[in-house]
Amino acid sequence: MITNTNSTDKKHSFRYFILSVIIPILGIFIVFIYSYNYVNEERKITQYNLEGLSEINSIQNIIFKIQKLRGLSNIANPSTDTKKDILKVKKDILNSISILKDNLKYTTFNKDMKQKIINFLDKISLYVTTKHNFKDLSKLVQDSFIIIKNISYHSKLILAYDVKSHILIENVISLLPEVIEYNGQIRGITASRINNQLSTNLKNTISTELSKEKERMSRLTFNMNLYCEDKKDTKIHKSYTDVIDAQHSLNKFTKNNILNGDAILLSPIDIFKIHTKNIDIISQLYYISSKELYSILNQRVQDKTLILYWIIFISLLSVFFIIYINMLFYFKNKKVIEKIQELSITDSMTELYNRRYFDIEFPKQLRLKKRLHQNLIFIMMDIDHFKQYNDTYGHQAGDKALIAVAKSLKGNLNRPDDMVFRLGGEEFGVVCSDMDKDKAMAFANKLRIDIENLNIEHKKNSASAFVTVSMGLKVIKPDVDGYTMSSIYKMTDEALYRAKQNGRNQVVSVD
Ligand code: GH3
Ligand code: MG
Ligand code: MG
């Protein structure tokens, strides 16, 4: 077997490896990094959105309670039950503030944003415990609009990805809190009347608020139609309709009975109840909107996570596929190349090395043994009267005899650098080393006798009853210069010729 692995081959296979493995994998890696970061960034933004939404909900819940506290505190001549309710709501607000402060520690908001929220919560605590008059609490509600807007920008909630999310976000961060606050204001103003009469000043305020309310109602209707255009029997559609109907009748009542009527006939507690009922209906829509928004955002996080897993999976699969395909081709090619190499140096019938390989290998051995200071032995042999063998037993039997002779020769070669070649038709060559002339003669004779002892009948052989070979032998000493392959070949061939002349089935050596 020959293995031609020189440095050029290695360079070639390395270049091939770079082209077919490293470059595609590098490409996949770049695409992987880019798409992973892209999707992961979107996922992170949605997580910020969720965080922001949660904070906004908590603050809004506190604001709802503040509005309730403001409404109760504003009732003229409160009953004991109302007083009890006021204390309960106050306690509730302070409790919610401490929970929100605790939760704030775990958010990823920056220091500045956290501080803003804490300051706002501290302000609420202070106002609720010390002031809680209508004007101061209304100021807190106005501040909440700003802080909620701030959080929605900070948590990128304002960057809605689609119309539906946008409508829900608008409901949660501005529209519904504004409608609720409007009701709270009207409730407060009407509850604080004196002698069932409102001053012109207060009537003007209500009138301005009412015109703003008109605009909000048309926004609500527009949003509802857009959000529920394909689904009319949903919970959110029903809640929208409830809010719009309730607000319409309340606005009508405000216009006819409070603004244009001579006197307000309902008691303060009844006015409080009417408005509170409406606030509850609007709060309902607020909770449904925020719940729906939560589920949209959560779904978005899940979708992005799934995409990330797919990106990892497909990238890994592609890398393994590239490596697998290349390894498959590499080993397949290697096998084919080895087979071709083997075929190019062997004789197919006898499975010995062929003449082509002898011409490559013999000069190499000549140089190698000279360098190692060892004798190189060349034995050339030719089957005796083989033409007649073919004539007597047929060409097929001749082939079989050739194979048997080859096998016998091969069986006698034990050292790794011993080699046997089929030099031509019925001619063979043996190359071995590190023997003196006597040992070489003994070795050659052993080869010869073993062939005769195969006992292949050959009636026409003048030298024996069996197939025999004649041999020429040459011992090439390392200290003698001037030998070439062709001169050695010629000398050994002459020795072989003499062996034939001397009666065949013998070894003749040449000095
Ligand atoms: P000598 O003892 O002088 O060598 O006589 P010889 O008959 O062997 O010599 P010659 O060179 O005249 O004949 C060689 C024969 O070997 C001729 C050819 O038919 C036969 N031969 C060569 N190659 C093959 C082969 O592959 N198969 C078979 N069956 N015969 C072959
Ligand atoms: Mg011959
Ligand atoms: Mg012959």
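The values are calculated or read from the model by the stated rules, or taken from the named source; none is laboratory data. Keep in mind it's a predicted model, so treat the numbers as computed, not measured. Cβ coordinates were reconstructed from backbone atoms using ideal geometry, including for glycine residues, and neighbour counts include every protein chain displayed. We work out accessible area using only protein heavy atoms, side chains counted, and drop any ligands, DNA or RNA first. Shrake-Rupley method; radii C 1.70, N 1.55, O 1.52, S 1.80 Å.
Among all positions in region 190-201, there is no residue which is outside any helix (DSSP H, G or I) and within 30 Å of Ile296 (Cβ to Cβ). Run Ile449 past the list (1) closer than 22 Å to Arg356 by Cβ; (2) more than 12 Å from ligand 1 (Cβ to nearest atom) and report the number of the one that doesn't hold. Against the list (1) closer than 22 Å to Arg356 by Cβ; (2) more than 12 Å from ligand 1 (Cβ to nearest atom), Ile449 comes up short only on (1). When we screen Val431, Val469 for residues that are open to solvent by less than 10 Å² (accessible area, probe 1.4 Å), more than 16 Å from ligand 2 (Cβ to nearest atom) and closer than 19 Å to Arg355 by Cβ, the only hit is Val431. The conditions of being closer than 16 Å to Ser470 by Cα and open to solvent by 10 Å² or more (accessible area, probe 1.4 Å) are met by Gly424. Cβ-Cβ contacts under 6 Å between residues 6 or more apart (or on different chains), taken from a first residue in region 458-473 that is among the charged types (D, E, K, R) to a second residue that is assigned to a loop (DSSP other than H, G, I, E, B), are listed as Lys460/His385. Scanning region 493-511 for residues that are charged (D, E, K, R) and within 15 Å of ligand 3 (Cβ to nearest atom), which turns out most open to solvent (accessible area, probe 1.4 Å)? The residue in question is Arg498. Please verify whether Tyr182 is part of a helix (DSSP H, G or I), buried (at least 19 other Cβ atoms within 10 Å of the Cβ), aromatic (Phe, Trp, Tyr) and in the same structural domain as Leu285 (by TED's automatic domain parsing), treating the condition exactly as stated. Yes: the conditions hold for Tyr182.
Number of residues in region 265-318 that are charged (D, E, K, R) and closer than 26 Å to Lys44 by Cβ equals 5.
Results for (1) under 27 Å from Ala76 (Cα atoms); (2) at pLDDT 90 or above, shown as yes or no for each residue.
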residue	(1), (2)
Ile158	no, no
Asp162	no, no
Leu168	no, yes
Ile173	no, yes
Val179	yes, yes
Thr190	yes, no
Ile194	yes, no
Arg219	no, yes
Lys231	no, no
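For Gly411, the stated conditions do not hold, so it cannot be described as closer than 27 Å to Met485 by Cα and within 16 Å of ligand 2 (Cβ to nearest atom). Out of curiosity, is Ile377 closer than 23 Å to Pro478 by Cβ, away from ligand 1 (no atom under 16 Å from the Cβ), touching a strand residue (DSSP E or B) at 6+ places or on another chain (Cβ under 9 Å) and not small (Gly, Ala, Ser)? So Ile377 fits the description; yes. The set of residues in region 390-407 that are open to solvent by less than 20 Å² (accessible area, probe 1.4 Å) and more than 16 Å from ligand 2 (Cβ to nearest atom) is empty.
Once region 286-340 is narrowed to residues that are open to solvent by 60 Å² or more (accessible area, probe 1.4 Å) and polar (S, T, N, Q), the residue that is nearest to the chain's Cα centre (by Cα) is Gln302.
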